[in-house]
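The values are calculated or read from the model by the stated rules, or taken from the named source; none is laboratory data. Every value quoted in this text rests on a predicted model; they were computed, and no experiment measured them. Here the Cβ is made from the backbone with ideal geometry for all residues, glycine too, and neighbour counts use every protein chain on show.
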Amino acid sequence: MSPNEAIDYLLDPIGKRDIHDDAIELAVASLKKQNPVKIIIKWDKHYCKNESCCGVCGWYVLNYERYCPSCGQKIDWSKDE
């Protein structure tokens, strides 16, 4: 199911019960990506420095990116105190 099909269903679900579960799963997955996840700091042996990585997929994330370029997860850059 495409995101546009899910939106159409969620706006007008009458008579479309067969695609209900697909639409709900897609909506939940999209909402989970909007919940910020803390970065993971990994040691990069090749460059001999710490790298910031997505807490979901482990892809390298630059310090100005708000979303992971690999999986689309929103990134939480706040410092723990």
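Restricting to segment 30-51, name every residue that is under 16 Å from the mean Cα position of the chain (by Cα), in a loop (DSSP other than H, G, I, E, B) and either of a type in the set (Phe, Trp, Tyr) or closer than 24 Å to Ala6 by Cβ (or both). Residues satisfying the conditions are Asn35, Pro36.
Under the condition of being surrounded by fewer than 15 Cβ atoms within 10 Å (Cβ to Cβ) and of a type outside the set (Lys, Arg), the residues counted in segment 66-81 number 9. Of the candidates Ala27, Ala6, the single residue that is touching a helix residue (DSSP H, G or I) at 6+ places or on another chain (Cβ under 8 Å) and either modelled with pLDDT of 80 or more or part of a strand (DSSP E or B) (or both) is Ala27. Kindly check whether there is at least one residue in segment 52-63 that is part of a strand (DSSP E or B), at pLDDT 90 or above and either under 24 Å from Pro3 (Cβ atoms) or basic (Lys, Arg) (or both). Looking for residues that are part of a strand (DSSP E or B), at pLDDT 90 or above and either under 24 Å from Pro3 (Cβ atoms) or basic (Lys, Arg) (or both), one finds none in segment 52-63, hence no. From (1) modelled with pLDDT under 90; (2) outside any helix (DSSP H, G or I), pick out the condition that doesn't hold for Ser70. So Ser70 meets the others, but not (1).
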